[in-house]
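Asks: Structure below; questions to follow.
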Amino acid sequence: MRDNIIPISLGAAATGLLYREHSIRTRAERLSAATFETLLNTIDANDAETGAHVRRVAAYALVLGEDAGLDERTLHSIERVALFHDIGKLHGALTDIFHDPSKLTPEERRAVTTHPQRGAEVLAPLGSFYPELPKGVAAHHERWDGSGYPRGLKGRRIPLQARVVSIADAFDAITHRRRYSAARSFSEATRAIAEGKGTQFDPDLVDLFLTPEVLAKIEAAMREANAPRKKNTGPRQREVRSTPDVNFRWRPRSLGSQSRDRQP
Ligand SMILES: [Fe+2]
């Protein structure tokens, strides 16, 4: 009889420890999701247009990343880099420039090129948990041939996350109306991506992007992004033209009915 008591107590203690560990992990995941969501809200509050842009870029980047067969962890990191790649544009030194529809002066153009590094600096505290985030954000304007900025990184020295996001970013920049340029067609955008193969963009990723399967998914994501959708804004609901509501896919299922309960 006494022999049974010890194993049962040990079993209960182990279960308790496991439960405690699980609940600590869940809280950490929720805190992480809340942090990212707060950051995204900050982008929306400062510049809703950039908030919409980064969500579309995240949707396109995930299509490309998934078709590249990347693992879940890498897909999460791509999503984070996509969502926060332009956070540096919110810097006080740059907001007026980005909101001015007139042509940029050479000095303003130089200032604009600082936004990847400024973004990386904003995100630096998260770098201990997500090292790929500031690195990917800093590199999203690097070019495959080494002629990009800020560091002139070349080829595979450019983080994969940044290589994927740069194609998605260019695609959205072309197909979506901006203050200083009209939206161009889907086929014009694919032509521009094809032309950037091996110069601006990773050639393998361009080949994948231009396959009929990926283009069909990108087109579907684009349609969804441009469809009017209901956005819950509290007691009232209003009709908005918005982008796909990118779920924080690392958010535990209990925090959102549509989230996909994945690890950070
Ligand atoms: Fe950018």
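Asks: What pairs come up if the first residue lies in region 106-134 and is under 14 Å from Ala93 (Cβ atoms), the second is assigned to a helix (DSSP H, G or I) and open to solvent by 50 Å² or more (accessible area, probe 1.4 Å), and their beta carbons are under 7 Å apart, counting only those six or more places apart or on different chains?
Replies: Close Cβ pairs satisfying both conditions: Ala111/Ala93.
Asks: Oh, and also: Do we have any residue at all in region 220-236 that's closer than 21 Å to Ala162 by Cα and at pLDDT 50 or above?
Replies: Yes: one or more hits.
Asks: Sort out which residues of region 76-99 are without any contact (Cβ under 8 Å) to a residue 40 or more places away in the chain and away from the ligand (no atom under 16 Å from the Cβ), and write them in order of number.
Replies: Gly92, Asp96
Asks: Of the numbered conditions (1) open to solvent by 30 Å² or more (accessible area, probe 1.4 Å); (2) touching a helix residue (DSSP H, G or I) at 6+ places or on another chain (Cβ under 7 Å), Asp169 satisfies every one except a single condition; which is it?
Replies: Condition (1) is where Asp169 drops out.
Rundown of residues vs (1) open to solvent by 60 Å² or more (accessible area, probe 1.4 Å); (2) among the small types (Gly, Ala, Ser); (3) in contact with a strand residue (DSSP E or B) (Cβ under 7 Å, 6 or more places away or on another chain); (4) at pLDDT below 85, yes/no style:
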residue: Arg20; (1), (2), (3), (4): yes, no, no, yes
residue: Ile24; (1), (2), (3), (4): yes, no, no, yes
residue: Glu29; (1), (2), (3), (4): no, no, no, yes
residue: Phe36; (1), (2), (3), (4): no, no, no, no
residue: Leu39; (1), (2), (3), (4): no, no, no, no
residue: Asp47; (1), (2), (3), (4): no, no, no, no
residue: Tyr60; (1), (2), (3), (4): no, no, no, no
residue: Leu64; (1), (2), (3), (4): no, no, no, no
residue: Asp67; (1), (2), (3), (4): no, no, no, no
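Asks: Quickly run through region 153-168 and pick out the residues that are over 16 Å from Val214 (Cβ atoms) and either at pLDDT below 95 or assigned to a helix (DSSP H, G or I) (or both).
Replies: Residues satisfying the conditions are Gly155, Arg156, Arg157, Leu160, Gln161, Ala162.
Asks: Now, a different point. Would you mind stating whether Phe98 is within 21 Å of the chain's Cα centre (by Cα), modelled with pLDDT under 95 and open to solvent by 50 Å² or more (accessible area, probe 1.4 Å)?
Replies: For Phe98, the condition - within 21 Å of the chain's Cα centre (by Cα), modelled with pLDDT under 95 and open to solvent by 50 Å² or more (accessible area, probe 1.4 Å) - is not met.
For every residue, the table says whether it meets (1) within 14 Å of the ligand (Cβ to nearest atom); (2) part of a helix (DSSP H, G or I); (3) of a type outside the set (D, E, K, R); (4) over 30 Å from Val206 (Cα atoms).
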residue: Ala111; (1), (2), (3), (4): yes, yes, yes, no
residue: Arg118; (1), (2), (3), (4): yes, yes, no, no
residue: Gly127; (1), (2), (3), (4): no, yes, yes, no
residue: Gly136; (1), (2), (3), (4): yes, yes, yes, no
residue: Asp145; (1), (2), (3), (4): no, no, no, no
residue: Arg151; (1), (2), (3), (4): no, no, no, no
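Asks: Next question, about the same structure. Would you confirm, using the coordinates I've provided, whether Arg55 is surrounded by 23 or more Cβ atoms within 10 Å (Cβ to Cβ), within 12 Å of the chain's Cα centre (by Cα), in a helix (DSSP H, G or I) and among the basic types (Lys, Arg)?
Replies: No.
The values are calculated or read from the model by the stated rules, or taken from the named source; none is laboratory data. None of these values were measured; they are calculated from a predicted model. Cβ atoms come from the backbone with ideal geometry, glycine included; neighbour counts cover every protein chain shown. Side chains are part of the model used for accessible areas, which takes the heavy atoms of the whole protein and leaves out ligands, DNA and RNA. Shrake-Rupley method; radii C 1.70, N 1.55, O 1.52, S 1.80 Å.
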